[in-house]
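> Handing you a structure now.
The values are calculated or read from the model by the stated rules, or taken from the named source; none is laboratory data. Values in this document were obtained by computation on a predicted structure and should not be read as measured data. So basically every Cβ, Gly included, is an ideal-geometry build from the backbone, and we count neighbours across all protein chains shown.
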Amino acid sequence: MMKTDSVSSNPRRIFAAVILAAGSLCLLYAAQNIPAFANWYTEHIYSILVETIGRFWGIFPFSAVEFGLYLTILVFILSLIYAIRKKRPAAWGANVLLFASILFFTYTICCGINYGHSSFSETTGITTSSYTAEELASVCELLTEQLNELAPEISCAEDGTSLMRKEIVPRNAKKAMEHIGTLYDELDGYYPLPKRLTVSEILSYQNLSGIYSPFTIEANYNDDMTEYNLPFTACHELSHLRGFMQEEEANFIAFLACVNADSPEFQYSGYMLGWLYATNQLYHADYEAYERIHSMLNNQSQIDLAANTQFWNTYDGQIAEVSNQINDSYLKANGQDDGVASYDRMVDLIMAYYNE
């Protein structure tokens, strides 16, 4: 009887999986083609999910999605072994299909729909436009001056790299995002503490500094990186909780949150990442101006940049390349035509911000 019941339940599980998948696809289609729906959903539905699901998982001091990943892998292996031993591959397959469809639906309602949401620049009226290499160089000089003023306020490790007081980065990131929410209504709302991954090498090997988990509505960051990255990355991932999924906008929001924070470490982190993205673009637009501005940068920041390059070079390899290709395809599938290059478009927003 037990075997018969199990077999008869397979079609129901498959049917439920198909319904969930179909519903998810319909919601994603509506979000991409009906902007008013995506905006309404983010404001009225997703905000509730952040307040409930995000607040619940925020209770735990560890990354719930990281723990869930390990648990899922373990259950997957054990259940497969059990299914093979009991000769029940159909039931196992139906369960896996249903579980996958549940994950897809969760992703859709906690992340996917938000890709159709109006951009931060649209809602705030920060309009991007073309600019000259000379104008870009001028902003790069401003960022350099800010870094040179802040550097003496930042403590250093024995190797000369800047210390960000790692133990209070989550609390200060939450505080920074709450503060920027008082300046921009679009960013107002509940923020949980961002969480470091216990095994941050998972992200390092993928060349990822952080990741937003739609399954637990958590902001996770790579704790192994050169420390000046930590505040900016934590704010970047938290910005996704306001429904802004485009990576250049998450970068820009993180920049705003950091440079407007009370903490000098956060200000330093924001200006460092802004400087890095802007000067990378200047490098291609006007190499002589880039060289001049790079020579103006204080020694401490130059040590940080060298340490950062060395860190990521350690993890360069096939895994990082495949991860980059997957991320590129994922972003393009969600309407970001530039793929991973969209992160760099943060510079357009910084230029618009300084030229207002």
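> What about G23, is it touching a Phe, Trp or Tyr at 6+ places or on another chain (Cβ under 8 Å) and small (G, A, S)?
Against the criterion (touching a Phe, Trp or Tyr at 6+ places or on another chain (Cβ under 8 Å) and small (G, A, S)), G23 qualifies.
> I've got another one for you. Select from the range 293-302 the residues that are closer than 11 Å to T144 by Cα and in contact (Cβ under 8 Å) with a residue 12 or more places away in the chain and list them in ascending order.
Residues satisfying the conditions are I293, H294, M296, L297, N298, S301.
> Which of the residues belonging to the range 266-316 are charged (D, E, K, R) and not in a helix (DSSP H, G or I)? Give the derivation first.
First, pick out the residues of the range 266-316 that are charged (D, E, K, R): 286, 288, 291-292, 304, 316.
The answer is D286, D316.
> Would the range 330-339 turn up any residue that is aliphatic (A, V, I, L, M), surrounded by 13 or more Cβ atoms within 10 Å (Cβ to Cβ), part of a helix (DSSP H, G or I) and at pLDDT 95 or above?
Taking every residue of the range 330-339 in turn, none turns out to be aliphatic (A, V, I, L, M), surrounded by 13 or more Cβ atoms within 10 Å (Cβ to Cβ), part of a helix (DSSP H, G or I) and at pLDDT 95 or above.
> Then there's this: Within the range 37-58, is even one residue farther than 22 Å from G116 by Cα, touching a helix residue (DSSP H, G or I) at 6+ places or on another chain (Cβ under 6 Å) and touching a residue at least 12 places away in the same chain (Cβ under 8 Å)?
Within the range 37-58, one or more residues are farther than 22 Å from G116 by Cα, touching a helix residue (DSSP H, G or I) at 6+ places or on another chain (Cβ under 6 Å) and touching a residue at least 12 places away in the same chain (Cβ under 8 Å).
> Name the single residue that is farthest from F252 (Cα to Cα) among those in the range 187-204 being of a type in the set (A, V, I, L, M) and part of a loop (DSSP other than H, G, I, E, B).
Result: V199.
> Suppose we filter the range 128-186 for residues that are basic (K, R), in contact (Cβ under 8 Å) with a residue 24 or more places away in the chain and assigned to a helix (DSSP H, G or I); how many remain?
Here the count works out to 3.
> Is it true that some residue in the range 99-111 is more than 20 Å from the chain's Cα centre (by Cα) and over 28 Å from C26 (Cα atoms)?
Looking through the range 99-111, none of the residues is more than 20 Å from the chain's Cα centre (by Cα) and over 28 Å from C26 (Cα atoms).
> Could you tell me which residue of the range 142-166 is modelled with the lowest pLDDT, considering only residues that are surrounded by 14 or more Cβ atoms within 10 Å (Cβ to Cβ) and not hydrophobic (A, V, I, L, M, F, W, C)?
Top of the filtered list is R165.
> Can you tell me which residue is surrounded by the most Cβ atoms within 10 Å (Cβ to Cβ) among those in the range 57-83 that are assigned to a helix (DSSP H, G or I) and within 20 Å of the chain's Cα centre (by Cα)?
In this case the residue turns out to be E66.
> Moving on. Given the structure, is I81 of a type in the set (A, V, I, L, M), without any contact (Cβ under 8 Å) to a residue 60 or more places away in the chain, outside the structural domain of R292 (by TED's automatic domain parsing) and more than 28 Å from G181 (Cα to Cα)? Walk me through it before giving the result.
Working: of a type in the set (A, V, I, L, M): yes; without any contact (Cβ under 8 Å) to a residue 60 or more places away in the chain: yes; outside the structural domain of R292 (by TED's automatic domain parsing): yes; more than 28 Å from G181 (Cα to Cα): yes.
For I81, the condition - of a type in the set (A, V, I, L, M), without any contact (Cβ under 8 Å) to a residue 60 or more places away in the chain, outside the structural domain of R292 (by TED's automatic domain parsing) and more than 28 Å from G181 (Cα to Cα) - is met.
> Please verify whether E247 is more than 25 Å from I113 (Cα to Cα) and assigned by TED's automatic domain parsing to the domain that holds A157, treating the condition exactly as stated.
No; evaluated as a whole, the condition is false for this residue.
> Separate question: Determine whether the range 305-317 contains at least one residue that is at pLDDT below 75 and more than 22 Å from I253 (Cα to Cα).
no
> Can you tell me which of N207, N220 is closer than 29 Å to S155 by Cα, in contact with a helix residue (DSSP H, G or I) (Cβ under 8 Å, 6 or more places away or on another chain), at pLDDT below 95 and not in a helix (DSSP H, G or I)?
Working: N220 fails: at pLDDT below 95.
From the options N207, N220, the qualifying one is N207.
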